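We did not get these values from a lab; they are worked out from the coordinates using the rules stated. Given the structure is predicted, the values throughout are model-derived calculations rather than measurements. Heads up, the Cβs are rebuilt from the backbone with ideal geometry, glycines too, and the neighbour counts pull from every protein chain shown.
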Amino acid sequence: MVREARLDPEVEVIWDDFHAEVNVPSETLRQWLLTRGSGEEAFGPGPDLDLPEPGRQILAVLRKRKVDLTPEDIEVMREAISRIRELTAQRPRRGNADDEWRHALLDLGHDVLVER
């Protein structure tokens, strides 16, 4: 008989909030980060191609199962939720600032054009 590991209820809430706020699939986030990090000296020798932070950390969490989360992963999730909520509350008026704002959110795995 296999026993199911019980998770802290707070972790369950953070998991749900994280996946509600990070609303793009992991491969879409990876492609976006590769695009953002494709500057002249951006690609290093590592397998993650020096993807920009904190997007690389968020991508790593997206690839995990809930039961495999570390305390560091939970902190990444908390920070991502907080930062996404801060940014979405600060939507600028139209113009270049709007593009920069949307790109900052995409760096965190949140696309404002995706319906909730």
Checked segment 52-116 against the a/c 1.5 cut and the a/b vs b/c comparison, axes a ≥ b ≥ c from its Cα gyration tensor; verdict prolate
Taking loop as defined by DSSP and a crowding limit of 12 other beta carbons within 10 Å, which trypsin sites (Lys or Arg not before Pro) in segment 69-107 fit? ARG93, ARG94
Using a simple spin-label model with points 7 Å from Cα along the Cα→Cβ vector, what separation in nm is obtained for GLU115 and GLU100? 3.2 nm
Ranking of ASP98, ASP8 by count of other Cβ atoms within 10 Å, fewest first: ASP8, ASP98
